[in-house]
Structure formats: structure tokens, C-alpha cells
There are 2 protein chains.
Amino acid sequence: MDPELIDKLVIPGNTKIVFLIMDGLGGLPREEGGLTELESARRPNMNALARVSLCGLLDPVAPGVTPGSGPAHFALFGYDPVKNNIGRGILEGAGIDYPMTDRDLLIRVNFATADGEGRVVDRRAGRIDTETNRRVCAKLQEAVRLGPGIEVFFEPVKEHRALLVLRGDGLEDRIQETDPQKTGVPPLPPAPLSPAAEATSRILEEVVGRAHAALADEPKANTLLLRGYARYRRYPSLRERFLLNPLAVAVYPMYRGIARLLGMTVAGGADTIEKEFALVRENYGTYDFFFLHVKPTDSRGEDGDFEGKVKVIEEVDALLPQLVDLEPDVLVVTGDHSTPAVLASHSWHPVPVILHARTCRPDRVEVFSERSCAAGGLGRMPMVRLMGLALAHAGRLEKFGA
Amino acid sequence: MDPELIDKLVIPGNTKIVFLIMDGLGGLPREEGGLTELESARRPNMNALARVSLCGLLDPVAPGVTPGSGPAHFALFGYDPVKNNIGRGILEGAGIDYPMTDRDLLIRVNFATADGEGRVVDRRAGRIDTETNRRVCAKLQEAVRLGPGIEVFFEPVKEHRALLVLRGDGLEDRIQETDPQKTGVPPLPPAPLSPAAEATSRILEEVVGRAHAALADEPKANTLLLRGYARYRRYPSLRERFLLNPLAVAVYPMYRGIARLLGMTVAGGADTIEKEFALVRENYGTYDFFFLHVKPTDSRGEDGDFEGKVKVIEEVDALLPQLVDLEPDVLVVTGDHSTPAVLASHSWHPVPVILHARTCRPDRVEVFSERSCAAGGLGRMPMVRLMGLALAHAGRLEKFGA
């Protein structure tokens, strides 16, 4: 079924929908017969909510597929994560919350070290620090100027990584990546991979040439490698698709950037989970869709820190009544994907979900856990379906057909 | 989601995957409130495995759709069973393990009896025995010779059924079937159904004419009816799609043929279930994917022999530790479809599945049965998803998107 069927059924409403997303929520036990992070957490509020809600397991992309943050969040908001697979350059831009325009070609840059003959000897320039990165980007910003009609921006990201933006008309992204993927050879040319990309290729050759000249006196970052070319693509916003007026509350730039790509207003000022909850409460009258993003569940999972992830879930549980007390028409508690601490990485495992609404049909789930959700009323379904369910329970979808 | 998304994510690995497939495993109780064949079987090893694994129910094609062996096995191996629906002629060729080439047009032949005016009086030639079939095929092989560039092969199958293979360039399968589907009328001509099939149609007219002449003195099989034209189609192999080095162990020719169509090496020499398990163990070091096919569950089901099917499941259960002891990274125990003895035929009911791996998240399934699997962690999903899950749990899929 086309996930976009729901777009045709959307009607306006005054109801409120809150998505509490614990990044990387799904987990695994540490030993056979053991409990997952979620199961190990003291979570009276999540359990109480699960008892009076509909629960289930969501597959971010498809069974067996481990998603990156981009596809996982697109699916959460009802965007087909494969059809809308977001280009690396755009995600890099979103990751530093860069204000992209629809004339932009976004490119990830790795600073690297080359020897006297131009051969790459270190593909990460000895992992220069972010301060050096900032200085090098400022130098390039000064040195690389192109003819009329094309603007160039160098934006530092972290360590040896930066973002290169070309802004102009008719830029194409079918260009060969210049990273040779090994040392001892020079960077590849930014050759066109289609005839339409020839003009862009020539511009990039000029950028690379001028950049090399400007970096010649750098001890480490004396060359640059280009990857993940992505022409900016405008996605239909949550307002256009679902008539929602959405607010995103997220501490990490990547998720603020993704929210902005989908037309959400992004709240500022929170640097703790507690402050994020407060921001939702403060802005509750102004918006009707709230995306509250909790990052540390994923960070602790990525660190392999089982206990740390348990503690974050407990912290969120203690704050949950602040959302419940708002009595939103629909309250969703879930994750964007699984990050089991035992794997210390994103994984393909489905994510447990609570969907609370007055119109929820009761199921038999008594606690909020991966194994209880497996027998919940939502069953197992692709995550891209969640938004349609949320809209339906918020009274925002009309009947299909007569 | 496109099942072929996983193809783009596959990475090489040294892990091992074992698929133990009990053909027609799913069943039904004999009376209201009763147990299925699987539930009736003494199966301590399957139950123990289910307790430490992920369980669920798989739909071979879609809810309500009863699959043939071709689509059911294609789905098991991750091939969309509708898009890859295998032509009748090819399945007939696979069924006798015929070595097909990509220049072949495969046609199912039914020998029939015609009267003096050429009208069909028995569409199955009085179900001649297989010995007669062999003799008739040898006679046709001798008598039917065509011009240069086209070879003809007649292969006996069973009773009145045979396989006709035309081998040459540019053969087309858009040809009218010649079986009139009733008696009292002559066979239809092998007329072209598209302009491109005209040359093939003329060749088939010549084949039919020469065959009739050669069969004129046969008491029963004095004519032949052509059905299920299928130009050989090459499927991407499991090696090409998933970088697997697969071994198939199957007693019945049909399943050996299907395995070969998908590029598996087919082990020889087993004529009992016990010997099949031994073959997997003997070859365990050489391959990384094992398809162990157990036929008698389906045969007893087709016979309507409930107790017989229970006994086969018990026999497999007793052998299961031989696979568990190998400690494969992924061990799947399931069927290709259901064959409830009370229906004495394939059915549309979903199939219970055990997926065992170190990275399995526990669910609440304590025994292996159709009803317990309904509340398992895998939930209910299309069978074509199984291969993606197996590859993920074997560490052979990389992350999708950034």
C-alpha cells in the first residue's frame, strides 16, 4: 500500500499529537535469558501508559534492515524511507543545521594529507582537531572564489570533516567521488558521471585546484577529498502533507536539521532532556504536532553502555507524566530504531511503540517492553505506517471511498 | 518495500546460515479444540530451540493465497514469488532436474488419445504407465528432427506427462496451448499470440505434425497436447544476490531443480531424512548456506495422513540436535507452506518459523506451534522477508542510509 494514500484523506483539526522519540530505544539482553535495556529500567510511567494504550513493534525500514538516522526519522514522520533516501551531503548539511537552499549542491569533504607528488598518505589528515578544521575552512572560504553565478561555502563539521556547498543554477550531483579509498595514489578527478554533469564537474575541478593552492602550506590538511554529492531536494512538509503545525524539540543538530527539512519549526534553548520536556509544555498552545527527540538512549547504546542506556530510559520515564498531563489527543512513545548496547551500533531489530489515544482499542500488553509489544494490538508493521495511525486517532483522516 | 533492497546492502562474511525446511509443515486440528500435526508431535528439541529463538508466522505469498512449490520456495530464498512466478514448463523441467539452457523453450506435454477423425477422446491417454511414456518419448526423440539451428528433446516425466524442449535462438513462448480442455474436438493449433512468436509457431506445427505421424500406431498415446510454454529465464543466483555459497540437500527432483535454478550446488546421495542431515554435516566446512529440504511432511499431508505427518515431524525433531550442534550463526526451522492433513492439499495458512541466532531478541514463545508463533517476536510477515532477517542476523547486511 502506498504510504501516501493518507495524504489524500487528511482533514484539518484542532487535535494535538505528541511523538516522544527515544533514539535507538530498542535493545537486546546482555546474556541469554536476560533482560533488554528497556526491560531493565524502572519505568512505572511507561508501563502504566502501555496498559491503557495500543502497543506493537515497528520495523524502521524493513525486517533485517539497519537504518541510518535519516531513513529512520523519515519513516517516523510517514515518509517512505527508501523512496526518500536522503543524500549523504544533505544529511551532512542537516547535521550542522546548515540553511540549505534549493540551488545547493552539498558535498562532504574529508581533509587529507598528500605527499610531494600529490599522493594521499593520510585520508583523514591525522584527524586534525575541530579548531584547525575551522581555521582551514575560513582560509578556503577566503581563497576559493568562482565566476559570477556560483557561490562556494566551506563549513567545518568536526575533526577532518567539512561541508562544501556550491550554490547556483543547474548544478548536478552525478559526479565521481574523489576519495581514492586508499593511500599511495592521488585523489580521483571529480569527473562527470552523466553528460548533464559536465559543467558542474568543471566547476569542481576549479574548486579543487584553488583549494590545493590555498592548502599547500598546511602541515596536515594539504588536500581535500569529495564524497556524497547531493543536490538539495525539497521534501513536502508536514504542513503540506498532513495540515500539521509542527514543533521539533531536539538537542542534536542532525535531528534539528532533519526536522527543518520536513518543514518543522525548531525550538531552541534546550540542552537537557528535562528542558526539552519543558519546551514542549511551554509551546503546547502554539503547535499541534510535537517531535521530542531524546538522543542519549542512542549515544549510550553506541557506547556499549548498557547501564547508561537504562538510566536514560529511567530519566525519560520520570518526565513522562509531564506529557501525559497535557492530555494530548495522541501520545506516541517509541524510538527511531534499535541501538542495543551489546552491539554498540544501530541494528535491524524492530522498535517497541506505545500509541495512546481515547480511541485506542485495548490489547493485553501490561508492561512496555520489546517482548510484550510483540503480542500487542498494533502487531508488527513498518514504521512508515505510524503517522497514518496517529492522524486517524487524532480524528484527522476522513473515510476512504464511499 | 522492495524485497530487493537487501541486495544493495549485502556484504561478504564467513558466517553460516542453515534453513531446515519441512515441506507443508503448517497444519490444522482434526476436530474443534484439537491440536495440529505439529502440536501433536513429541518435539522436545524444536520446543527447546523455540524458547531461545525468535518465532513468528510467515505468509508464503500473501494472506489467503495457497502457493505451489515454486512460489513457496522462491519466497523462502528471498525472491518475490509473484514477480518471479516460474513458468509451468520451467517447473516441469526443474521437477525432473533437467539441465536447462538459456536458449530453451520448455513445454509441458500431455499424451492423449484421438479417434480416427483426430478428435481427442482421452486427454490423459488412459494414464499410460511411466514405462510406456519412456518408450513413446524415445520414439519421438528418434522421429522428430528439425532443420539446422533447432534441437528437440522429449523427456518422460510420469504417467501421461512429458517435457518437450526446443533449443535454438529467438524462440518465443507467446503461443496458444493446444489442449482443447474437453474431449470430442481436435487439439488446437499452436497459433502465435504475438507477431514475434510466428516463427516458433511454425516450428511447433512441424513438431506436432511429425509427432502425430510417429505416434499413429500407438494404441493410447497417439496424440499430444502442449501446455505451459515457458522460455527459460535465468534467475540471479544466491551468490550474485547475497554473496552466499549455497548447498541444497533434497531427495525430490523438483526441489533439487529449483535449487539449481537459483544457483545452488546440489548434494547427491541422500534417500532418507537421516542421510540428508548427515550430508549437511559432511559438507559443513565447504559452504555457508544450507537448504535442507524434508519432503515427507508434505507427502503425508497430501495423503490426508495426520498421524503419518506427526511421525515425520518427530523424526525431524530427533535429528535436529545434529544441526544445533554445528552452532550455525543462523538456524531457521520452518516450512515452505502449509499442507494440513485434514485438507489433504496445500493451503493458504501461514507457516510457523523459528529463527535462532545470537542476536535474536527473546520473545515469549515457549513451544514450537502455529498458535504460539502467532504471538512471537517476528509477528506475521511475508515469507520473502525471511532471507533479509537471516542475512542481518548473520552479520551480512550493512546499514541503509546515513
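The values are calculated or read from the model by the stated rules, or taken from the named source; none is laboratory data. Predicted, not measured: the structure shown is a model, and the values here were computed from it. Don't worry about glycine lacking a Cβ; one is built from the backbone with ideal geometry, like all the others, and counts go over all protein chains shown.
Does region B:54-68 hold any residues that are among the polar types (S, T, N, Q) and crowded, with 24+ Cβ neighbours inside 10 Å, and which are they?
Selection gives nothing.
How many residues, within region A:13-41, are surrounded by fewer than 20 Cβ atoms within 10 Å (Cβ to Cβ) and touching a Lys or Arg at 6+ places or on another chain (Cβ under 7 Å)?
Total meeting the criteria: 2.
Quick check: is even one residue across region B:299-318 among the acidic types (D, E), within 30 Å of B:N245 (Cβ to Cβ) and in contact with a Gly (Cβ under 7 Å, 6 or more places away or on another chain)?
no
Six or more apart or on different chains, Cβ under 9 Å: which pairs go from a residue in region B:301-313 that's aromatic (F, W, Y) to one that's part of a helix (DSSP H, G or I)? Could you list them?
Pairs that qualify, where the first residue is aromatic (F, W, Y) and the partner is part of a helix (DSSP H, G or I), are B:F306/B:E37; B:F306/B:S40; B:F306/B:R300.
Say we look at region B:77-94 and pick out the residues that are over 10 Å from the mean Cα position of the chain (by Cα) and aliphatic (A, V, I, L, M); which of these is surrounded by the most Cβ atoms within 10 Å (Cβ to Cβ)?
B:I90
Condition test on B:F306, is it of a type outside the set (D, E), within 21 Å of the chain's Cα centre (by Cα) and either closer than 21 Å to B:P71 by Cβ or in the same structural domain as B:A259 (by TED's automatic domain parsing) (or both)?
So B:F306 fails the test.
Considering only region A:6-82, give the helices (runs of 4 or more DSSP H) lying wholly within it that have at least 3 residues that are within 9 Å of chain B (Cβ to nearest Cβ).
A:69-76
Which of the residues belonging to region B:150-201 are charged (D, E, K, R) and farther than 26 Å from B:A94 by Cα?
B:K182, B:E198, listed by residue number.
Could you grab the pairs with beta carbons closer than 8 Å, sequence gap of 6+ or different chains, first residue in region B:194-212 and without any contact (Cβ under 8 Å) to a residue 12 or more places away in the chain, second one surrounded by fewer than 19 Cβ atoms within 10 Å (Cβ to Cβ)?
B:E198/B:P192
Go through region B:83-94 and give me each residue that's in contact with a helix residue (DSSP H, G or I) (Cβ under 6 Å, 6 or more places away or on another chain) and assigned to a helix (DSSP H, G or I).
B:L91, B:A94
Hey, does region A:379-389 have a residue that's of a type in the set (K, R), more than 14 Å from chain B (Cβ to nearest Cβ) and out of contact with any His (no Cβ under 8 Å at 6 or more places or on another chain)?
Looking through region A:379-389, none of the residues is of a type in the set (K, R), more than 14 Å from chain B (Cβ to nearest Cβ) and out of contact with any His (no Cβ under 8 Å at 6 or more places or on another chain).
How many of the residues making up region A:348-362 are crowded, with 18+ Cβ neighbours inside 10 Å, out of contact with any His (no Cβ under 8 Å at 6 or more places or on another chain) and either away from every other protein chain (no Cβ under 11 Å) or at pLDDT below 95 (or both)?
3
Inside region B:363-397, can you point out the residues that are over 19 Å from B:V351 (Cβ atoms) and at pLDDT below 95?
B:R364
Can you work out which of the residues in region A:244-303 that are aromatic (F, W, Y) and either modelled with pLDDT under 95 or in contact with a helix residue (DSSP H, G or I) (Cβ under 7 Å, 6 or more places away or on another chain) (or both) is surrounded by the fewest Cβ atoms within 10 Å (Cβ to Cβ)?
In this case the residue turns out to be A:Y252.
Considering B:G93, B:G126, which residue is at pLDDT below 95, touching a strand residue (DSSP E or B) at 6+ places or on another chain (Cβ under 7 Å) and at positive phi?
The match here is B:G126.
Which one of the conditions (1) surrounded by 14 or more Cβ atoms within 10 Å (Cβ to Cβ); (2) over 24 Å from the mean Cα position of the chain (by Cα); (3) in contact (Cβ under 8 Å) with a residue 60 or more places away in the chain does B:V185 fail to meet, given that it meets all the rest?
Failed condition: (1).
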